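Please read the structure below before turning to the comments.
The values are calculated or read from the model by the stated rules, or taken from the named source; none is laboratory data. All figures in this text were calculated on a predicted structure; none of them were measured in a lab. Here Cβ is always computed from backbone atoms with ideal geometry, including for glycine, and neighbour counts include all displayed protein chains.
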Amino acid sequence: MDIDKPRSRRTGRIRQAIIKSAVEIIHHEGFAALSIRRIADAIDYSPASIYEYFSNKEAIIAAVCEEGFTRLTTALTDYPPQIDSRMAVRECGVQYIRFAQANPDYFLLMFSMAATQVYSNPEESLEHELRRSPAFMVIHAHIQVLVDEGSVFVTPQYGSFQIALSAWQMVHGIAMLTLTMQRNAPIDYSVIRMTLDAWQRGFSYTEHEPQKNASDFQ
């Protein structure tokens with residue numbers, strides 16, 4: 001019998017319990033309440049025991065952020081199947097905003113300076129870095145479908161990656177505003193859908209519109 005396997009499973013369970021506790025503390029009490037001692041109290045461990053599984057609070061934050069991006073990736077596809085690929089792009093964006101609304105403190109932590117320092121590598125290009133992000137690649141996959149269909153205009157300088165990046169910037173900007181400066185305002189998802197539809201029309205061919213030339217985007 002391999003005694004390391006039960007030990008490894010136990011370690012995995014405890015690490016997951018620590019992460020789950022940190023997520024719940026952030027969700028119910030806010031990021032400011034998160035500490036090694038608060039996590040230890042929540043799972044009935046001593047603070048010293050927590051350090052057996054994570055070297056410091058920053059390591060827990062990194063694990064929490066990783067969990068958050070996994071949940072965000074799942075949320076981006078959590079909508080009814082769409083016949084129209086353009087509607088699928090729109091609903092993917094709506095789900096991004098809904099995730100932020102459902103997990104405000106969690107979402108803000110995921111994109112905070114602390115998390116950015118963990119995930120950003122100054123030696124990598126933005127494209128290379130984002131292509132390693134499963135959440136971004138969900139958005140990119142939706143855009144790629146539109147490109148493959150010939151529904152959107154691309155150039156050698158402005159292709160599916162750049163359009164996907166602008167889509168992410170659009171929905172992330174809306175999400176962040178709803179959590180900060182507009183946090184007390186009601187959210188009208190019908191208006192958000194119209195906004196995302198208008199964004200798409202800027203890149204789209206229509207049946208009665210001549211195809212754009214690259215010079216139109218210079």
Original post:
Which numbered condition trips up residue 79, out of (1) of a type in the set (Ser, Thr, Tyr); (2) surrounded by 13 or more Cβ atoms within 10 Å (Cβ to Cβ); (3) outside any loop (DSSP other than H, G, I, E, B)?
Top reply: (3)
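Before we move on, is residue 154 hydrophobic (A, V, I, L, M, F, W, C), free of Cβ contacts under 8 Å to residues at least 24 places away in the same chain, more than 29 Å from residue 66 (Cβ to Cβ) and surrounded by fewer than 18 Cβ atoms within 10 Å (Cβ to Cβ)? Spell out how you get there, then give the answer.
Details: hydrophobic (A, V, I, L, M, F, W, C): yes; free of Cβ contacts under 8 Å to residues at least 24 places away in the same chain: yes; more than 29 Å from residue 66 (Cβ to Cβ): yes; surrounded by fewer than 18 Cβ atoms within 10 Å (Cβ to Cβ): no.
When the stated conditions are applied, residue 154 does not pass them.
Determine if the range 94-110 includes at least one residue that is in contact with an Asp or Glu (Cβ under 8 Å, 6 or more places away or on another chain), in a helix (DSSP H, G or I), buried (at least 17 other Cβ atoms within 10 Å of the Cβ) and modelled with pLDDT of 95 or more.
Step one: of the range 94-110, the residues in contact with an Asp or Glu (Cβ under 8 Å, 6 or more places away or on another chain) are 95.
Right, trim to in a helix (DSSP H, G or I) and you get 95.
Adding the requirement that they be buried (at least 17 other Cβ atoms within 10 Å of the Cβ) leaves 95.
Those left that are additionally modelled with pLDDT of 95 or more: 95.
Checking the range 94-110: at least one residue is in contact with an Asp or Glu (Cβ under 8 Å, 6 or more places away or on another chain), in a helix (DSSP H, G or I), buried (at least 17 other Cβ atoms within 10 Å of the Cβ) and modelled with pLDDT of 95 or more.
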**OP:** Please find, among 175, 115, the residue that is within 13 Å of the chain's Cα centre (by Cα), modelled with pLDDT of 95 or more, closer than 20 Å to residue 30 by Cα and small (Gly, Ala, Ser).
**Re:** 175
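Within the range 156-186, work out how many residues are of a type in the set (Ser, Thr, Tyr) and part of a helix (DSSP H, G or I).
From the range 156-186, those of a type in the set (Ser, Thr, Tyr) are 158, 160, 166, 178, 180; that's our starting set.
When the remaining residues are screened for being part of a helix (DSSP H, G or I), the result is 160, 166, 178.
Matching residues across the range 156-186 total 3.
Take residue 86 and decide whether it is surrounded by 14 or more Cβ atoms within 10 Å (Cβ to Cβ), in a helix (DSSP H, G or I), of a type in the set (Lys, Arg) and at pLDDT 95 or above.
Values: surrounded by 14 or more Cβ atoms within 10 Å (Cβ to Cβ): yes; in a helix (DSSP H, G or I): yes; of a type in the set (Lys, Arg): yes; at pLDDT 95 or above: no.
When the stated conditions are applied, residue 86 does not pass them.
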Original post:
Taking the range 39-61 only, how many residues are in a loop (DSSP other than H, G, I, E, B) and either in contact (Cβ under 8 Å) with a residue 60 or more places away in the chain or closer than 14 Å to residue 20 by Cβ (or both)?
Top reply: 4
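Identify, please: which residue in the range 126-151 is of a type outside the set (A, V, I, L, M, F, W, C) and more than 19 Å from the chain's Cα centre (by Cα) and is, among those, surrounded by the most Cβ atoms within 10 Å (Cβ to Cβ)? If you could, list the steps in order and put the result at the bottom.
Residues of the range 126-151 that are of a type outside the set (A, V, I, L, M, F, W, C), as a first pass: 127-129, 131-134, 140, 142, 144, 148-151.
If we keep only those that are more than 19 Å from the chain's Cα centre (by Cα) as well, we get 148-151.
Values: 148: 11, 149: 11, 150: 10, 151: 18.
So, considering only residues that are of a type outside the set (A, V, I, L, M, F, W, C) and more than 19 Å from the chain's Cα centre (by Cα), the one surrounded by the most Cβ atoms within 10 Å (Cβ to Cβ) is 151.
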**OP:** Output the residue which, of all residues in the range 18-38 that are free of Cβ contacts under 8 Å to residues at least 40 places away in the same chain and not in a helix (DSSP H, G or I), is surrounded by the fewest Cβ atoms within 10 Å (Cβ to Cβ).
**Re:** 35
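Right, residue 72: part of a helix (DSSP H, G or I), within 30 Å of residue 166 (Cα to Cα) and in contact with a Phe, Trp or Tyr (Cβ under 6 Å, 6 or more places away or on another chain) or not? So that I can check it myself, show each step before the final result.
Working: part of a helix (DSSP H, G or I): yes; within 30 Å of residue 166 (Cα to Cα): yes; in contact with a Phe, Trp or Tyr (Cβ under 6 Å, 6 or more places away or on another chain): yes.
Against the criterion (part of a helix (DSSP H, G or I), within 30 Å of residue 166 (Cα to Cα) and in contact with a Phe, Trp or Tyr (Cβ under 6 Å, 6 or more places away or on another chain)), residue 72 qualifies.
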**OP:** Test residue 190 against the stated conditions and say whether it is in a helix (DSSP H, G or I) and modelled with pLDDT under 90.
**Re:** no
